[in-house]
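Here is the structure we will look at.
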Amino acid sequence: MRDIALDQKSDLPASVASVKELLDAKIIIGGRHPAETAFTKTLLEISGFTHIESATDTDGVMLLLRQSIHNDLCDIDLLIMDDDLPGISTQDIRLVMDQFDEWRLIPIISLCRQSVWDHAQVLTDLGHGVTSLLYHPMTAESLPSAIMTALAVKRERDKTFKRQTELEDELANLKVMEARLQFSVNHDDLTGLANRRRLENALDMTLSQVRNFMSVSALFYIDLDSFKVLNDAEGHEAGDTLLVQVANSLRRYFNINDILVRIGSDEFAVLVNNTDKQTAIELAEELRNLFDGYDFEHHGHHYHLSASIGLKIIDADNATTVGEVLSHSNQACYTAKKRGRNRVHLYSPEDREMHTLRHSVEWAPRIRAALKEGLFLLEFQPIYSLDTEQVSHYECLIRMRGEGNVIFYPKEFIPVAESMGLIHQIDFWVVAKVFELIVNMPENLSFAINLSGNVFLDENLFKLVRDKLNQTQIDPNRIVFEITETYAISNFEQTRKMVSDLRALGCRFALDDFGAGFNSYSYLKHFPVDILKIDGGFITDLDNDPVDQQLVKSMIDIAHSLGKKTVAEFVERKSTLELLKSYGVDMVQGFLVGKPNAKIPKPKD
């Protein structure tokens, strides 16, 4: 009989593996007559079905259905029921099963006693989800094929349901991804605050409101002071933790209608609409106080937090553009940082810090072009020895040539070069240029090279000087490096080491602007220099200022007691020169002796 069933199934468009899969299906038979139920089960077993269970009433059928549910899935593939099963009709059990996802896809074959075709009964049964109708008595020819058909229907239902579920899950995931993407477009990933894009959109609406309704808004630009110290010392994880805490503090501090923004690494912004200038200033000061009392602890280390806050008032008088509002608030924050940090600054177009910054922005490309195109040049100012009554050496002073051969002096471009990180390139150019010149000069001629202070922290300076000395074979005593007292004191140990290393090569050193610092004498004893250049501020009015006279005389005496030579700068009058001679100064420099000159100096015979 099993062979007959297989032959009948061979007409189905299914592979052998598919047929075997259908034969492994789990089937429940529900019938009130045990003999008929047993007969039906035997027919199925002969046909190759192995997973068959039976029940003689409705409760038994429902129990089997419930026991077959595992992890929200039912492993029943087919239900065969007598239409006269006690307690419930086939149509009723279909309605019950349709209420549960675990049972909804299970097909039902209804076994009828009446063997006469009843068109109304067929419509009723099939209309209630019955897959097919069979009539007693069952035969080996009719039952297996009907079972296989019903199971094939179940398999297709499962596939359809699975695909539908996958599509629904995929659609749900796409919606989640779309929501996340939409959120990320306007929000910061770390803190969840709005981002710059969201702020720009909000500012656009604010400007429209300000222009049309004469309202007032305020933009707070907040920069965490010394955040880089924490981030570098404790790592990015600690920095991220702090940023999240700051974001949460801002949420608690401001209203729900205010736009909170993380605008940069450690920079935040808050847009407050419908306020006034005085309220905004008070709010900014309260916010500054909030951060000033903030203590961040990480792995036992405590960090005090403060913030610089720039404030931009947006009203009808200055409702410009979104870009300008952001720029002005950022400039106000920059000014707050420049004026000492941990403060609030209200934007003003007259802020001198911004003029300095704009000056730097204008000059930086000029300096880069000068380095690239060789537009720097040196001028030489003589330093006169009172002992020999001859020029002792020449100080090299850098200049920059501009358009139309305009000459720019150091005060115009050196501060910009220092702030923009270009100063070392200029310093190295000066050193290389001096060596290029001195190799063709008389051997009794020396040059003083005036460099920026930070270059003495760069190991490349020592390598450059050493290599140049080896290449030119000049007497290293002909090179005098000048370093200002302020820089020498600010990085004392590192600078002293570089000075010692260069002196070990045979070069000499002069301490420039001596006396400008408050700790001059205490550092002088431990700093390895050969020459002290007395700050010109003590010399310009030396004739008329008794205090300057006493200070200069003491500087000369102390320098001589330490075995060092002295140079007085800014000597412009003969009376000043005579006074310095009486104090025992060794050398003088200034317009009285000679002005800076671009020509290569040549000593007199």
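Rule-based calculations on the coordinates, nothing more; no lab input. Just so you know, these numbers come straight off a predicted model, no measurement behind them. Heads up, the Cβs are rebuilt from the backbone with ideal geometry, glycines too, and the neighbour counts pull from every protein chain shown.
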Hey, fewest Cβ within 10 Å first, where do H70, H359 land in order? H70, H359
In Å³ per residue, the alpha-carbon convex hull of segment 412-457 encloses 84
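Output the relative contact order of the chain, whole-number percent, from Cα pairs under 8 angstrom with separation of 6+ residues. Don't skip to the end; give the middle numbers.
Details: 915 pairs, mean separation 46.0, N = 605.
Here the relative contact order equals 8 percent.
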Going by amide H atoms built from the backbone, whose H comes under 5 Å of the H on N450, apart from near neighbours? C396, E482
How would you order 39-51, 284-296 from highest to lowest mean count of nearby Cβ atoms within 10 Å? 39-51, 284-296
Cross-link partners among aspartates and glutamates for K433, C-alpha distance below 14 Å, same-chain residues fewer than 8 apart left out? E379, E395, D467
Asserting the computed 222 nm helical MRE of the chain (DSSP H runs at least 4 long, -39500 (n - 2.57) per run, divided by residue count, to nearest 500) equals -15500 deg cm²/dmol
Students often get this wrong: which residues of segment 160-185 have the backbone nitrogen under 16 Å from the point 7 angstrom along Cα-to-C-beta of D72? 161-173
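Quick one: compute the contact order of segment 196-350, relative version, from alpha carbon pairs under 8 angstrom and 6+ residues apart, as a percent. Numbers along the way, then the final one.
Working: 252 pairs, mean separation 49.2, N = 155.
This gives 32 percent for segment 196-350.
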Once you place label points 7 Å from the Cα toward the Cβ at S327 and Q550, how far apart are they in nm? 5.4
Unit charges at the beta carbon, dipole of the chain: most positive-side option, S47, I383, Q67: I383
Take the cross-link list K463/K564; K533/K564; K533/K595; K411/K564 and give me the ones stretching past 19 Å between alpha-carbons. K463/K564; K411/K564
Show which aspartates and glutamates lie in cross-link reach of K26 when reach means a straight Cα distance below 13 angstrom and same-chain residues fewer than eight apart are skipped. E45, E53, D75, D77
Give the long-range amide H neighbours of I539: residues separated by 5 or more places, or on another chain, with amide H under 5 Å away, using H modelled in the peptide plane at 1.01 Å from N. none
Hey, got the Cα dimensions of segment 291-394 along the principal axes, in Å, largest first? 67, 47, 28
Expected vector for segment 286-294, Karplus 3J(HN,Hα) from phi with 6.51, -1.76, 1.60 and θ = phi - 60°, integer Hz, x for Gly and Pro, equals 5, 5, 4, 5, 4, 6, 4, x, 8
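Cα convex hull of segment 196-350: mean projected area in nm², to one decimal? Write down the numbers at each step before the final one.
Numbers: hull surface 35.7 nm².
Its average projected convex-hull area is 8.9 nm².
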Would you kindly derive the ³J(HN,Hα) couplings of segment 525-536 from the backbone phi angles with the Karplus curve 6.51 cos²θ - 1.76 cosθ + 1.60 (θ = phi - 60°), listing them in order in whole Hz, with x for Gly and Pro? 4, 10, 9, x, 10, 9, 10, 10, 9, 5, 4, x
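Using the Kirkwood formula on the Cα atoms of the chain, what hydrodynamic radius do you get, in angstrom to one decimal? Write out the running numbers ahead of the final one.
Working: mean 1/r = 0.0296 Å⁻¹.
About 33.8 Å, per the Kirkwood formula over Cα pairs.
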Karplus 3J(HN,Hα) series, Hz, for segment 45-62 with 6.51 cos²θ - 1.76 cosθ + 1.60 (x for Gly, Pro): 5, 4, 6, x, 7, 10, 9, 10, 10, 9, 8, 9, 8, 5, 4, x, 4, 5
Subtracting the Cα-Cα distance of F161 and F183 from 0.36 nm times their residue separation yields 4.7 nm
Computed E for F591/N440 - FRET, C-beta separation, R0 35 angstrom, nearest 0.05: 0.80
Rounded to a whole number, the Stokes-Einstein D of segment 375-588 in µm²/s (Kirkwood radius over Cα pairs; 25 °C; 0.890 mPa s) is 137
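What percent antiparallel are the DSSP beta bridges of the chain, to the nearest 5? Could you put the intermediate results ahead of the total?
Values: 41 of 83 bridges.
Percentage antiparallel, nearest 5: 50.
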Between Y294 and residues 5 or more places away or on another chain, which pairs have amide H atoms under 5 Å apart, with H built 1.01 Å from N, and which residues are they? L305
If I take every Cα pair under 8 Å that is 6 or more residues apart in segment 272-425, average their sequence separation and divide by the length, what percent do I get for the relative contact order? 15
